[in-house]
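Trainee: Encoded as structure tokens, here's the structure I'll be asking about.
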Amino acid sequence: MIKIGKISYWHVHAWDYTKEAQAHPGTEITAVWDELPERGQEAADKLGVPFYSNLDEMLASDIDAVIVDAPSNIHRDVIIAAARAGKHIFTEKVIAPTLKEVNEVIEAVSANNVKLTVSLPRLNAGYTLAIQDILAQGLLGKVTLVRVRLSHDGATKNWLPEHFYNLEQCGGGALIDLGCHPMYLTRLFLGEQPVEASAQYGYVTGKEVEDNAVVLLKTASGAVGIVEAGFVNAFSPFTIEIHGTQGTLMYGTPDDRLLLRTNLNGEDAAKEWQEQALPDSRPGAFNQFADHIVSNTEAEENVRLAVELTKLVEAANRSVREGKSIRIDELAQ
């Protein structure tokens with residue numbers, strides 16, 4: 001049985017990951033630490049496990065791994081502490097808000113021979129797997145544009161916790177939270193690392209952080225990525241568009257159906273949109289994490305995409321602050 005220490009209940013999905021760990025036959029939550037002792041004690045009492053007011057003491061206990069749901073601005077410190085204590089790490093995205101911090105985390109994980117898996121759940125969805133298969137077949141020709149949009153009404157309806165609008169803790173607003181999902185999917189579907197990012201943020205509800213965001217990604221091939229996220233939309237469907245020289249894929253426009261039209265798959269496929277079958281989703285990131293521990297394997301693609309995610313988010317944030325496009329290779333290492 002893999003014993004897990006829970007690092008913070010700050011994030012809105014903290015209890016979701018707790019439930020995943022409880023439901024998994026090979027894992028259990030056995031300890032809690034939180035930067036807010038009252039919240040941590042309440043969670044520990046609810047779980048019937050010890051609460052540690054000192055993180056180092058929890059990391060020195062007999063736990064095997066940690067789940068990190070702490071504020072983004074302390075991710076670097078708590079993850080490195082866990083790695084140095086020899087504990088495997090499952091973390092909410094982002095690994096950290098800047099590439100420099102992420103590189104320090106990766107170095108600590110590697111030096112201490114522990115497993116790292118990042119929660120990037122939409123990588124495992126059936127629609128993502130179907131899209132990747134179609135792209136691998138080359139049915140769109142050369143990909144020229146990818147657009148992914150994800151938005152909800154968390155700010156306008158006030159159902160997000162107030163600390164999700166704290167710039168210091170979060171490192172940003174809609175983009176670094178919800179926008180991570182369209183960002184890593186756009187990167188995946190482009191099939192290449194963008195070389196430059198430019199962004200525009202909106203502050204519809206007057207929060208300290210943006211509640212409306214659009215990012216443009218430039219690539220060496222000429223393909224363009226468009227990432228959209230927001231906290232201010234009542235009925236905005238999760239939408240994917242992938243356009244190529246020979247075809248187009250559409251998902252969520254507005255129904256949860258994947259539609260393909262292409263010149264490269266017979267006459268019918270060129271004449272009209274054809275719905276594509278969606279495979280079952282893969283096991284989620286937490287299940288993969290547990291498997292990596294047991295089988296002594298690495299979450300290579302997951303971590304690579306998580307590192308690139310931070311690069312793109314950091315570049316977008318800098319673009320807004322500096323009022324210009326930011327080259328990815330200019331980010332501090």
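The values are calculated or read from the model by the stated rules, or taken from the named source; none is laboratory data. Keep in mind that this is a model prediction, so the values were computed, not measured. Virtual Cβ from ideal backbone geometry, glycine too; neighbours counted across all protein chains shown.
Trainee: Could you list, in sequence order, the residues of region 102-138 that are charged (D, E, K, R) and more than 30 Å from residue 242 (Cα to Cα)?
Mentor: 104, 107, 115
Trainee: For the condition assigned by TED's automatic domain parsing to the domain that holds residue 107, crowded, with 16+ Cβ neighbours inside 10 Å and within 19 Å of residue 292 (Cα to Cα), what is the one hit in 23, 14, 70, 65?
Mentor: 65
Trainee: Tell me the residue from 256, 268, 291 that is surrounded by fewer than 15 Cβ atoms within 10 Å (Cβ to Cβ) and under 17 Å from residue 124 (Cβ atoms), please.
Mentor: Of the residues listed, the single one that is surrounded by fewer than 15 Cβ atoms within 10 Å (Cβ to Cβ) and under 17 Å from residue 124 (Cβ atoms) is 256.
Trainee: With the requirement that a residue be outside any strand (DSSP E or B) and either in contact with an Asp or Glu (Cβ under 6 Å, 6 or more places away or on another chain) or among the β-branched types (Val, Ile, Thr) (or both), what does region 12-50 give you?
Mentor: Those that are outside any strand (DSSP E or B) and either in contact with an Asp or Glu (Cβ under 6 Å, 6 or more places away or on another chain) or among the β-branched types (Val, Ile, Thr) (or both): 12, 14, 18, 40, 49.
Trainee: State yes or no: is residue 198 surrounded by fewer than 21 Cβ atoms within 10 Å (Cβ to Cβ), assigned to a loop (DSSP other than H, G, I, E, B) and at pLDDT 95 or above? Let's see the steps before the verdict.
Mentor: Numbers: surrounded by fewer than 21 Cβ atoms within 10 Å (Cβ to Cβ): yes; assigned to a loop (DSSP other than H, G, I, E, B): no; at pLDDT 95 or above: yes.
Here the answer is no, as residue 198 does not meet what is asked.
Trainee: The conditions are (1) surrounded by fewer than 21 Cβ atoms within 10 Å (Cβ to Cβ); (2) out of contact with any His (no Cβ under 9 Å at 6 or more places or on another chain); (3) assigned to a helix (DSSP H, G or I), and residue 141 fails exactly one of them. Which is it?
Mentor: Evaluating residue 141 over (1) surrounded by fewer than 21 Cβ atoms within 10 Å (Cβ to Cβ); (2) out of contact with any His (no Cβ under 9 Å at 6 or more places or on another chain); (3) assigned to a helix (DSSP H, G or I) leaves (3) as the failure.
Trainee: If you check residue 237 against the conditions, is it under 30 Å from residue 168 (Cα atoms), touching a Pro at 6+ places or on another chain (Cβ under 6 Å) and not aromatic (Phe, Trp, Tyr)? Explain how you work it out, then say what you get.
Mentor: On the way: under 30 Å from residue 168 (Cα atoms): yes; touching a Pro at 6+ places or on another chain (Cβ under 6 Å): yes; not aromatic (Phe, Trp, Tyr): yes.
Yes.
Trainee: Sort out which residues of region 65-98 are assigned to a helix (DSSP H, G or I) and under 15 Å from the mean Cα position of the chain (by Cα), and write them in order of number. It would help to see each step written out before you state the result.
Mentor: If we filter region 65-98 for residues that are assigned to a helix (DSSP H, G or I), which is where we start, we get 72-84.
72, 75, listed by residue number.
Trainee: Also: Please indicate, with yes or no, whether at least one residue in region 119-138 is farther than 18 Å from residue 214 by Cβ, assigned by TED's automatic domain parsing to the domain that holds residue 259, among the aromatic types (Phe, Trp, Tyr) and crowded, with 19+ Cβ neighbours inside 10 Å.
Mentor: Yes.
Trainee: How many of the residues making up region 108-118 are on the phi < 0 side of the Ramachandran plot and surrounded by fewer than 19 Cβ atoms within 10 Å (Cβ to Cβ)?
Mentor: Taking region 108-118 and keeping what is on the phi < 0 side of the Ramachandran plot, we get 108-112, 114-118.
With surrounded by fewer than 19 Cβ atoms within 10 Å (Cβ to Cβ) added as a condition, the list becomes 110-112.
Residues that pass the stated criteria total 3.
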